[in-house]
Amino acid sequence: MNTLKQFHLAIPIVLLVVNLMLFSFLVEELLDASPPNYGGGMQLLTPVFGLISFLYIQKTQGPKPSSLWIFQSLNWLFIIFPIAVMFIFMLAFI
């Protein structure tokens with residue numbers, strides 16, 4: 001049984017705030033790797049939360065704001081950027 005839930009704007013907003021905080025920790029870590037390192041590795045959860053938010057927006061039904069493309073583009077940034085950073089660092093140490 002495939003039941004779609006109603007869309008609530010609060011869920012993507014909460015995930016956006018969490019992703020912005022973790023993304024800022026990742027950028028801070030890239031700019032200055034000296035201690036203290038904020039986030040403690042939680043920055044790597046940014047793609048997970050971005051994917052959850054992206055799928056939630058896609059799979060729910062009901063009226064959605066027309067500016068939701070901003071959330072989706074930020075979700076793509078949150079999914080792709082940390083993976084690209086990890087890939088680049090892995091290539092740097094080969």
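Please treat every number below as a calculation from the coordinates, not as lab data. What you see is a predicted model; the values in this text were computed from it and never measured. Cβ placement follows ideal geometry from the backbone for every residue including glycine, while neighbour counts extend to all protein chains displayed.
Observations on the structure shown:
- Only Cα pairs under 8 Å and 6+ residues apart enter the sum, and on that basis the relative contact order of the chain stands at 38 percent.
- Within the listed set Gln61, Gln72, Gln43, the Gaussian network model of the chain (springs between alpha-carbon atoms below 10 Å) gives the highest mean-square fluctuation for Gln61.
- Vicinal HN-Hα couplings computed from phi for region 69-75 (Karplus, 6.51 cos²θ - 1.76 cosθ + 1.60; Hz; Gly/Pro x): 5, 5, 4, 5, 5, 5, 4
- Chymotrypsin sites (Phe, Trp or Tyr not before Pro) lying in DSSP loop within region 33-94, provided at most 10 other Cβ fall within 10 Å: Phe93
- Based on Cα atoms of the chain, Rg over Rh with Rh as the Kirkwood radius reads 1.07.
- Counting neighbouring Cβ atoms within 10 Å and putting the fewest first, the residues Val85, Val17 line up as Val17, Val85.
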